[in-house]
1. Need the failing condition index for residue 46 against (1) out of contact with any helix residue (DSSP H, G or I) (no Cβ under 6 Å at 6 or more places or on another chain); (2) in a helix (DSSP H, G or I); (3) surrounded by 21 or more Cβ atoms within 10 Å (Cβ to Cβ), just the number.
2. Scan 183, 147 and give me the residue that is in contact with a strand residue (DSSP E or B) (Cβ under 9 Å, 6 or more places away or on another chain), under 25 Å from residue 110 (Cα atoms) and surrounded by 14 or more Cβ atoms within 10 Å (Cβ to Cβ).
3. Those residues that are within 15 Å of the ligand (Cβ to nearest atom), without any contact (Cβ under 8 Å) to a residue 40 or more places away in the chain and not in a helix (DSSP H, G or I), I need them from the stretch 54-84; list them, please.
4. Which members of the stretch 19-39 meet the condition of being more than 16 Å from the ligand (Cβ to nearest atom) and either under 23 Å from residue 163 (Cα atoms) or surrounded by 16 or more Cβ atoms within 10 Å (Cβ to Cβ) (or both)?
5. Here are 160, 152: which of them is in contact with a helix residue (DSSP H, G or I) (Cβ under 6 Å, 6 or more places away or on another chain), surrounded by 21 or more Cβ atoms within 10 Å (Cβ to Cβ) and within 21 Å of residue 87 (Cβ to Cβ)?
6. Of all residues in the stretch 178-234 being on the phi > 0 side of the Ramachandran plot and more than 11 Å from the ligand (Cβ to nearest atom), which is farthest from the chain's Cα centre (by Cα)?
Ligand SMILES: *Cc1c(COP(=O)(O)O)cnc(C)c1O
């Protein structure tokens, strides 16, 4: 068996194992295969094994890969930092953007989303570890931002995304993810109090090193690169 198939199988088994360990319904966790800086042949290989959702961090790389893989029915997720002058391109090719953290970006994604496509699914990226250099909105500004974007017609707010500071201890990892889950629940309530009935069904959290903790706290999308495709070229 090829390495990539092998890896996908291993991760699939892990997702099942953790779902049952933490009493979650089967298939409540979706695997996003993060293919940044990996060759399209590797994407094809994962696709042949049944993987459909792929994540990319760089706009031009996503556009190039999308073009070269036009024959496949890939669901593209953009998970990198997004500048406002790149929003048009992304809104034309992506199914999801995980990294929205400003009104201007959300507005431009909605304005530029072609009308013959379904609304773009987005997550708000939260800076949960309060790191100066990380992107993401501060937790205390989250509700106000979500309320402002709730009515944008061509985007659909699905939930929250985080990249916590690295941490090896499972218990500490879980504490951070539990905070994020609570933020989402509070946001859901806040929005419905304001008359906005939006089903926040997504927590995009968990990478190779903290998948178990993320799933234990309700992750619905885990983002895995290296454990599927191997080390990236630098
Ligand atoms: C690169 C990346 C991942 C995947 O990281 P790996 O360590 O390769 O599993 C997940 N999420 C985001 C936002 C990334 O940029």
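Read the figures in this text as sums done on the coordinates, not as results from a lab. This is a predicted model, so every value here is computed, not measured. Cβ coordinates were reconstructed from backbone atoms using ideal geometry, including for glycine residues, and neighbour counts include every protein chain displayed.
1. In the conditions (1) out of contact with any helix residue (DSSP H, G or I) (no Cβ under 6 Å at 6 or more places or on another chain); (2) in a helix (DSSP H, G or I); (3) surrounded by 21 or more Cβ atoms within 10 Å (Cβ to Cβ), residue 46 misses (1) alone.
2. After applying the criteria, what remains is 183.
3. 54, 56, 57, 58, 76, 78, 82
4. Residues satisfying the conditions are 19, 22, 24, 27, 28.
5. Checking each option against the conditions leaves just 160.
6. Ranking the candidates gives 195 first.
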